[in-house]
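Trainee: Please read through the structure below; I'll follow up with questions.
The values are calculated or read from the model by the stated rules, or taken from the named source; none is laboratory data. What you see is a predicted model, and the numbers here were worked out from it, not measured in a lab. Here the Cβ positions follow ideal geometry from the backbone for every residue, glycine too, while neighbour counts run over all protein chains shown.
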Amino acid sequence: MRLVVHGTGKYVVRRLAQAAAVVWAAFTVTFVAIRLLPGDPVALMLSGRNGFSAPTPEQVAETRARLGLDRPLPVQYWDALADALHGDFGSSIQTGRPVSAMISETLPATLQLGAAALVLSLVAGTAVGIAANLVGAPWARQWLRSLPAVGISLPSFWVGLVLLELLSFRWRVFPSFGSTGLTGLVLPACTLALPGAALVAQVLGKSLHDTLLQPYADTLRASGAGAWRLVVGHGLRNAAIPAVTAAGLLVGHLIGGAVVVETVFSRPGLGRITQAAVGEQDLPVVQGAVVVAALAFALVNLAIDLLYPILDPRIHATTRTAGTPA
Amino acid sequence: MIDSSPIAARARRVAGAAARRPGLVLSVLVLLLTMGWVLAPDWFGGQSPTAGVAQQRLEPPSGRHPFGTDQLGRDVYARVVHAAGLSLGTALAATAIASAAGVLLGLAAGYFGRTADVVISRIVDITLSIPSVLLSLLIISALGGGTLHIAVAVAVTSVAGFSRLTRAEVLRIRTAVHVEAAALCGARWWRILARYVAPAVVGPVLGLAALDFGLVVLAVSALSFLGYGPPPPAPEWGALVASGRNYLATAWWLSTLPGLTVGVVVLAANRLSRALETERSRA
Amino acid sequence: MTEPRQVLEVRGLRVTYRSRSGRVSAVDGAGLTVTAGQITAVVGESGSGKTSTAHAVLGLLPPTGRIEAGSIRLRGQELVGLSRRAWQHIRGAQIGLVPQDPAVSLDPLTPIGRHVAEVLRIHGLATRATAPDRAVELLAEAGIPDAAARARQYPHELSGGLRQRVLIAMATAARPALLIADEPTSALDVTVQRQILDHLDTLVSTGDLAILLVTHDLAVVAQRAQHVVVMSHGQVVEAGPTSEVLTDPRTGYTRRLIADAPGLHSRRLRPSAPAAPPAAEAPAPGPLLTVDHLGLSYPAHRTRGRDRPARPAVDDVSFTIPARTTLGLVGESGSGKTSLARLILGLARPDTGTIRLDGRDITALRRRDLRTVHRRVQLIYQNPYASLNPYFTVDELVGEPLRNYGIGDRAGRAQRIGELLDSVALPAGIRRRRAAELSGGQRQRVAIARALALNPDLLVCDEPVSALDVTVQAQILQLLVDLQQRYGLTYLFISHDLAVVRQIADRVAVMRGGRLVELATTDDIFAAPRHPYTRALLDAIPNQKDPSWNLD
């Protein structure tokens, strides 16, 4: 028993280190993208301040010195990394406010939206995935199986607008733009959840289908097990691993989707300020948002990695890919 | 007898297969139609996408204007048709960049030993550590907006998929019994790469490219919806939806119909990729 | 003795499958009866319809399959046309299934005790509280040692034989009248096979249960079944008491099946053409292959959650093969036979020892030198389909070695390919086909033709016939014997099946756990095995104990 605990502890530590490495990589990518790609943030920043007059070389040099941009790149990188570890991503070029403050103000609204959408996608996706394997009528099966493809194909900015058009403007069931209350959450959460639900339904449906073709499903059928016992009692757990992996991807979709959905519904949130910052090339804000997103993404995938050994006893804490037992 | 000629038999077989899968036939027709929009927008679009008729502002869909008109009296259908070139061109460029880069990286990672594999796989993994929309936004904020930059920004998020698929296929084929048998028959590495590995990689990559194309169309239109696309006079699907947003309460067709077009095209690409996939797994 | 009770009666059964070119018939008017207290065997080659018949009886045809006509009566009750719900009261309760491959037939995420308990719960034979204890009893009954502790284990923690016992416990939990055993031992090692068959024997001996045993193995039939049904092309060609059918077959098909079954009459095959004088006159030269103290270990690693210490795959193995002779190499899975083959071909490097070909040390050659070795030593794989590039035509496959070694020009190669195909008795008409368009036997012939292309001296045959039906198996073995005589080949013939080895080998080496436990002439091995393990392997060949089946 002690050996197992020991192995699991090592596994957790290793996954934690991997998650940290992933966030560090994301930070480095943003740093490299911002410093090395063409486009001069300082010139942009000054032109914004001065109105129409072009910045003088002295102004540029002075600003560069103030921001520390005249130092060698490794030094800049090291300082930026140290600051980021303390939660300091510098200040917005547009507003001059600290990026960390902007993020912490908008994060709760986005988390609320994301959590609601996550729950919706998991519930709806699981239901459709199971139903597609449970119903008897071939036409219903076919229909349920092609449903996810539709959900994935519809652009979410368009789905949001159609929902707004119908439910807010035409039938006035839900408030339209800018509302933050619970009723205001319904339409954005549904919009954000749709592609995610489709993804879960697709992966779970396919995985369940494959599971039910395995020889052991025949053993269970030959024991007199009915469809429900087969699909829900045995299939679901065996099909869970691809679906849980998909749920990890789903969080990435939700984070990205929040940018679009918050823009469509004019909801204040992290996505909204990111959308604005990209348009203004407000690089510190973009960097902060990207690193926060990568952090959330890494944490969720860490949680999922830790879930695998619980879901499947064959996956020992040290290996993620289990072969079929021979 | 006419029926016994091989061409007629073949045609009947194709027709039979088509009748069994009406969704696939419809998808191919949709993709052919949009291809027509790209190649001959004037012929398909009919009216001018940029010149508006002042008296016909914000008209709902009708026989004369199938998708209605916008606030300047421009025909929305013509704008959608003319936007196809830019939207699909950007998406095609992105898919081409992503698949070419991904396949090369995947081949190298799978074939040239452990060091190459570790280095390439780590670099590819990094692009997966950032949610794809945000990675695109990061690149756009560094490069600035515009068609080419959007294509690059979207392509970067797709490279990992192609690279991983190619690598996995190469590793699978490399250890396959028939490749070992080829080595015993004296085949050298370049011959194995060209005649054993490459043919096995082409099918899955094409399948993924078709699937990816649909997702790329979505991503490109989302980015231009957010306002990073080409500047206004040039029509683009996502931008058309965005511009219709201000008239949501009064002129539903302005954003609904261009958006629906995007959805239908993506759905068709999805359907085609699924058909390619099943065809391959059956062969 | 009471009158035999008929448990199952199948009449005029027709089963078809949907395929791209319409519906294909798999079972065409088959009929059979199964009696309580007996094992009734259904034998036939792959595609004979035996498995479809068994699945139809269970109501478990795949979605593309359909019963077109006929009747299946279980203790008088008609099963054809039952509703989905009604079937659930038949399956598990009145008919149990022992499936083919125990490795994949248990839900990997459910402990074995719960598997059995679930059957009891489905059929209302135990409550939530009593089911686990009852399951442990049933597992113990099925011969699982320490059943109470084992019940909490997951399938991957059990050996293949124990898993098959779990499946038998599940199949018999509800005390069904009929047990369908679908090739129940073909995925198990011979020594385990015997234990499982013994267990099935005890189950029928109580007199209440009937077993329908689906198998391709006539040796198993001869030893275990009281009644046999021979199927071919969806029809029953012969049926009757096993002793009658096997000793006095009425139809040509059954006769051929019996003649081709190695387990029943194993003897050394002779070349079909009389020996050519030069080959016979050539004095026996020195050994072609000499293997000296060869050793290979796999490093310590973890698989499936268990620490595996460094394990010798090949442990201090020495032997020689004289030119133009065949050494049979026998052992169960994991005994190291395949590792040994890979070492000889240079596909793996030994930790210790040397390999010499005609006196030349070929132990750890560089890739370039290995190419020269492969001109003289070639390999024939177990699964011909996997060993052939699916994108190549037969022409390209057989011509590949010629091309790679730059032998001949285009026309010369085409002619040589023709000769090679001719020597393995393949028609020239298949030269444009790909592997997927060939039968299993044809594929193996293509693989043999490819191996012969470079005029090698030594062919390493790794289970070359175990993926083939018996009749095809017999043809390929005969071909190998003929080719040996014609080209003066030397064989290292690897097999798990002593009966097959007996047909082709001059000498036999027995491996176990990486070690060579016995090496002697084929006659000596069969007449006077010295090592207890060799004796155990021989005991597992059914007819060895029962001379009445020796049909020679």
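Trainee: If you scan segment B:130-153, which residues turn out to be touching a residue at least 60 places away in the same chain (Cβ under 8 Å), touching a Gly at 6+ places or on another chain (Cβ under 8 Å) and facing chain A (nearest Cβ under 7 Å)?
Mentor: B:132, B:133
Trainee: Turning to a different aspect of this structure: So, residue A:89, is that one in a helix (DSSP H, G or I) and either in contact with a helix residue (DSSP H, G or I) (Cβ under 8 Å, 6 or more places away or on another chain) or modelled with pLDDT of 90 or more (or both) or not?
Mentor: For residue A:89, the condition - in a helix (DSSP H, G or I) and either in contact with a helix residue (DSSP H, G or I) (Cβ under 8 Å, 6 or more places away or on another chain) or modelled with pLDDT of 90 or more (or both) - is not met.
The rows are residues; the columns are (1) farther than 27 Å from residue A:273 by Cα; (2) of a type in the set (Lys, Arg); (3) over 18 Å from the mean Cα position of the chain (by Cα); (4) at pLDDT 90 or above.
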residue	(1), (2), (3), (4)
A:71	yes, yes, yes, no
A:79	no, no, yes, no
A:109	no, no, no, yes
A:139	yes, no, yes, no
A:145	yes, yes, yes, no
A:155	no, no, no, yes
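Trainee: Within segment B:12-37, which residues are farther than 15 Å from residue B:271 by Cβ, in contact with a helix residue (DSSP H, G or I) (Cβ under 9 Å, 6 or more places away or on another chain) and surrounded by fewer than 18 Cβ atoms within 10 Å (Cβ to Cβ)?
Mentor: B:19, B:35, B:36, listed by residue number.
Trainee: Hey, another quick one. Inspect all residues belonging to segment B:267-279 and state whether any of them is within 7 Å of chain A (Cβ to nearest Cβ), of a type in the set (Gly, Ala, Ser) and within 24 Å of residue B:26 (Cα to Cα).
Mentor: No - not one qualifying residue is present in segment B:267-279.
Trainee: Take the conditions under 28 Å from residue C:197 (Cα atoms), surrounded by 18 or more Cβ atoms within 10 Å (Cβ to Cβ) and touching a strand residue (DSSP E or B) at 6+ places or on another chain (Cβ under 6 Å) and apply them to residue C:44. Does it pass?
Mentor: yes
Trainee: Related question: Identify all residues within segment A:192-211 that are within 14 Å of chain C (Cβ to nearest Cβ) and either outside any helix (DSSP H, G or I) or surrounded by fewer than 20 Cβ atoms within 10 Å (Cβ to Cβ) (or both); write none if there are none.
Mentor: Scanning segment A:192-211 gives A:209, A:210.
Trainee: A follow-up question, please. Against the definition (modelled with pLDDT of 90 or more and buried (at least 20 other Cβ atoms within 10 Å of the Cβ)), how does residue C:197 come out, yes or no?
Mentor: Yes, satisfied.
Trainee: Hey, another quick one. Looking only at segment C:363-376, count every residue that is within 14 Å of another protein chain (Cβ to nearest Cβ) and either in a helix (DSSP H, G or I) or within 20 Å of residue C:295 (Cβ to Cβ) (or both) and tell me the total.
Mentor: Residues in segment C:363-376 being within 14 Å of another protein chain (Cβ to nearest Cβ) and either in a helix (DSSP H, G or I) or within 20 Å of residue C:295 (Cβ to Cβ) (or both): 9 in total.
Trainee: Could you say whether any residue in segment C:459-466 is touching an Asp or Glu at 6+ places or on another chain (Cβ under 9 Å) and in contact (Cβ under 8 Å) with a residue 60 or more places away in the chain?
Mentor: Yes, some residue in segment C:459-466 is touching an Asp or Glu at 6+ places or on another chain (Cβ under 9 Å) and in contact (Cβ under 8 Å) with a residue 60 or more places away in the chain.
Trainee: Six or more apart or on different chains, Cβ under 7 Å: which pairs go from a residue in segment C:47-61 that's within 14 Å of residue C:74 (Cα to Cα) to one that's acidic (Asp, Glu)? Could you list them?
Mentor: Here the result reads C:54/C:182, each pair linking segment C:47-61 to a residue that is acidic (Asp, Glu).
Trainee: State yes or no: is residue C:123 closer than 21 Å to residue A:233 by Cα, surrounded by fewer than 18 Cβ atoms within 10 Å (Cβ to Cβ), within 13 Å of chain A (Cβ to nearest Cβ) and over 31 Å from the mean Cα position of the chain (by Cα)?
Mentor: no
Trainee: While we're here: Hey, among the residues in segment C:166-182 that are in contact with a His (Cβ under 9 Å, 6 or more places away or on another chain) and surrounded by fewer than 24 Cβ atoms within 10 Å (Cβ to Cβ), which one's nearest to the other protein chains (Cβ to nearest Cβ)?
Mentor: Only one residue fits best here, namely C:174.
Trainee: Quick check on residue C:355: is it away from chain B (no Cβ under 14 Å), among the hydrophobic types (A, V, I, L, M, F, W, C) and buried (at least 17 other Cβ atoms within 10 Å of the Cβ)?
Mentor: yes
Trainee: Checking residue B:170 against (1) in a helix (DSSP H, G or I); (2) within 26 Å of residue A:196 (Cβ to Cβ); (3) more than 9 Å from every other protein chain (Cβ to nearest Cβ), only one condition comes out false. Which one?
Mentor: Failing condition for residue B:170: (2).
Trainee: When only residues in segment C:11-40 that are of a type in the set (Val, Ile, Thr) and out of contact with any Ser or Thr (no Cβ under 7 Å at 6 or more places or on another chain) count, which is surrounded by the most Cβ atoms within 10 Å (Cβ to Cβ)?
Mentor: C:39
Residue-by-condition table, conditions (1) in contact with a Phe, Trp or Tyr (Cβ under 6 Å, 6 or more places away or on another chain); (2) under 24 Å from residue C:371 (Cα atoms):
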residue: C:445; (1), (2): no, yes
residue: C:448; (1), (2): no, yes
residue: C:451; (1), (2): no, yes
residue: C:455; (1), (2): no, yes
residue: C:461; (1), (2): yes, yes
residue: C:472; (1), (2): no, no
residue: C:483; (1), (2): no, yes
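Trainee: If you scan segment A:138-193, which residues turn out to be of a type in the set (Lys, Arg) and closer than 25 Å to residue B:258 by Cα?
Mentor: A:170, A:172
Trainee: So in segment B:242-266, with the set limited to residues that are part of a helix (DSSP H, G or I) and among the small types (Gly, Ala, Ser), which one is farthest from the other protein chains (Cβ to nearest Cβ)?
Mentor: B:243
Trainee: In addition: Identify, please: which residue in segment A:125-151 is in contact (Cβ under 8 Å) with a residue 12 or more places away in the chain and either at the interface with chain B (Cβ under 7 Å from one of its Cβ atoms) or among the aromatic types (Phe, Trp, Tyr) (or both) and is, among those, surrounded by the fewest Cβ atoms within 10 Å (Cβ to Cβ)?
Mentor: A:150
Trainee: Among the residues of segment C:127-134, is any modelled with pLDDT of 90 or more and either at the interface with chain A (Cβ under 9 Å from one of its Cβ atoms) or crowded, with 22+ Cβ neighbours inside 10 Å (or both)?
Mentor: no
Trainee: Further question on the same structure: Restrict the check to segment B:217-235 and report whether at least one residue is surrounded by fewer than 24 Cβ atoms within 10 Å (Cβ to Cβ), facing another protein chain (nearest Cβ under 10 Å) and assigned to a helix (DSSP H, G or I).
Mentor: There is no residue in segment B:217-235 that is surrounded by fewer than 24 Cβ atoms within 10 Å (Cβ to Cβ), facing another protein chain (nearest Cβ under 10 Å) and assigned to a helix (DSSP H, G or I).
Trainee: What number of residues in segment C:86-100 are crowded, with 21+ Cβ neighbours inside 10 Å and more than 8 Å from chain A (Cβ to nearest Cβ)?
Mentor: Adding up the residues that qualify gives 1.
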